[in-house]
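Written out below as structure tokens is the structure these notes cover.
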Amino acid sequence: MQHVSRIAATAVAAFGVVAATAASAADKVTLQLKWVTQGQFAGYYVAQDKGFYKDAGLDVTIKPGGPDIAPEQVIAAGGVDVIVDWMPAALAAREKGEPLVNIAQIFQKSAQMTTCRKDTGITKPADFKGKTIGVWFGGNEYPFMTWMNKLGYSYTGAKPDVILLKQGFNVDPLLQKQADCIATMVYNEYWQIIESGQLKADDLVTFKWQDQGVGMLEDGLYTLEKNLRDPKEADKLARFVRASAKGWDYAAAHQDEAVDIVLKNDTTGAQTRQHQTTQVQEIAKLLGGAKGTGYLEPADYERTVKILTENKVLTKEPKGAWTHKVYDASAKP
């Protein structure tokens, strides 16, 4: 009996070792966000909170971004496996030698806008001439520059047609009349203006970049070419895309819960429920696509590249800048 007990104890101990090994066998993935913790990234936090990453055999670390963090530089330095980035910035980095590849396109529509005070007299893009317009830099300026080129407006030199104000990540320039117009996202800064109480929707004129023909692809998932050449890394990325897409679909269908999860992950305490609720509502409208969350429509990619190359933001058409292989693998059960 004692012999049997010893065997049983040994078996239990062995099982414990196996279980511990299995528990620690989850593949690690580090994701760099483009900006701070907010509804813009709800799907990733939902996937983590609901256990979708864990179910996919992944141990995911989500790193918030900020004004001094360029995702392209972070992944180049080897600090992360995947980044959330806007395609114009990713393609510009690729042309400079950083081998970024789009493996999934989460947002199917552009959320960027230029928002102007109605009291400036601006009613159409032709009214921009002689005006001061806030623009985000750090890679976010490319669509705006493309738009100005399309309109035939100069924005550099001693006497530019349009005066560019290097805009911080707030709406103060518009509220304080430092700029006639500023860059806004349909899910974020536009609502910050409204929530300030200083201006109402009727006091504003908005120009959605998508409607102006310069709606380029924004939040997509990017990795380095070398990761795709490694079968184990490629498999890990496919599982990450699958679980992330599941998180986004869940967030869109359970928006109140998604807001709760975002707020729980906001360690700064800076986000408000009102603003995050609006943000998640607006972002849900950017998702989807005929073939599901995360699928990159080649026509959207080609439009983005065409606009950038025609206006000399890119000097040549990129090669190998995107792939469906990870998405296709992620779609398999």
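The values are calculated or read from the model by the stated rules, or taken from the named source; none is laboratory data. Being a predicted model, the structure only gives us computed values, none of them experimental. Note that each Cβ is placed from the backbone with ideal geometry, even for glycine, and that neighbours are counted across all protein chains shown. Note: areas computed on protein heavy atoms with side chains; ligands, DNA, RNA excluded. Shrake-Rupley method; radii C 1.70, N 1.55, O 1.52, S 1.80 Å.
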Per-residue accessible area, 1.4 Å probe, largest first, puts LYS28, LYS50, LYS232 in the order LYS232, LYS28, LYS50
Rounded to the nearest 10 Å², the 1.4 Å probe accessible area of ASP328 is 80
Taking every DSSP bridge whose two residues both lie in the chain, the antiparallel percent to the nearest 5 is 60
Excluding ligands, DNA and RNA, the carbon-plus-sulfur percentage of the accessible area of the stretch 125-165 with a 1.4 Å probe reads 55
The chain, Gaussian network, Cα under 10 Å: of ALA25, ALA258, ALA70, the residue fluctuating most is ALA25
A correct Karplus calculation of ³J(HN,Hα) over the stretch 54-59, with 6.51 cos²θ - 1.76 cosθ + 1.60, θ = phi - 60°, whole Hz and x for Gly and Pro, returns 4, 4, 8, x, 10, 10
Scaled by the rule-of-thumb 2.2 N^0.38 Å, the alpha carbon Rg for the stretch 89-159 gives a ratio of 1.38
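Once every DSSP H run of n ≥ 4 in the chain is given -39500 (n - 2.57) and the sum is divided by its residues, what mean residue ellipticity at 222 nm do you get, rounded to the nearest 500 deg cm²/dmol?
Numbers: 14 runs with 141 residues, N = 333.
The helix contribution divided over the chain gives -12500 deg cm²/dmol.
Just the accessible area per residue of the stretch 250-313, please: how many Å² with a 1.4 Å probe?
50
When the accessible area of the stretch 35-112 is split by element with a 1.4 Å probe, what percent falls to carbon and sulfur?
Its accessible area is 47 percent carbon and sulfur atoms.
Order the following by accessible area, largest value first: ILE194, ILE133. Probe radius 1.4 Å; ligands, DNA and RNA are ignored. Intermediate values should be presented prior to the final figure.
Working: ILE194 50, ILE133 0 Å².
Largest accessible area first, the list is ILE194, ILE133.
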Using the Kirkwood formula on alpha carbons, the hydrodynamic radius of the chain in angstrom works out to 21.4
Cα-Cα longer than 30 Å, checked against LYS236/LYS312; LYS246/LYS316; LYS226/LYS332; LYS109/LYS316; LYS166/LYS325, kept in input order, equals LYS236/LYS312; LYS246/LYS316; LYS166/LYS325
So the carbon and sulfur contribution to the accessible area of the stretch 209-333, 1.4 Å probe, in percent, is 49
With every protein chain in place, the accessible area of HIS324 for a 1.4 Å probe, in Å² rounded to the nearest 10, comes to 40
Once ILE103, ILE69, ILE62 are ranked on solvent-accessible area with the largest value leading and a 1.4 Å probe, the list reads ILE69, ILE62, ILE103
Shape call for the stretch 201-292, from the Cα gyration tensor axes a ≥ b ≥ c (a/c under 1.5 means rounded, otherwise prolate when a/b beats b/c, else oblate), comes out oblate
Taking r as the C-beta separation of GLN178 and ALA290 and R0 as 41 Å, the FRET efficiency to the nearest 0.05 is 0.45
Diffing the stretch 216-231: the Karplus 3J(HN,Hα) column from phi (6.51, -1.76, 1.60, θ = phi - 60°), in whole Hz with x for Gly and Pro, holds 8, 6, 9, 4, x, 9, 10, 9, 8, 3, 4, 5, 7, 7, 8, x
Heavy-atom accessible area of ARG273, protein chains in place, probe 1.4 angstrom, given in Å² to nearest 10, is 120
Computed from the beta carbon distance with a Förster radius of 41 Å, FRET efficiency for ARG229 and GLU302 to the nearest 0.05 stands at 0.95
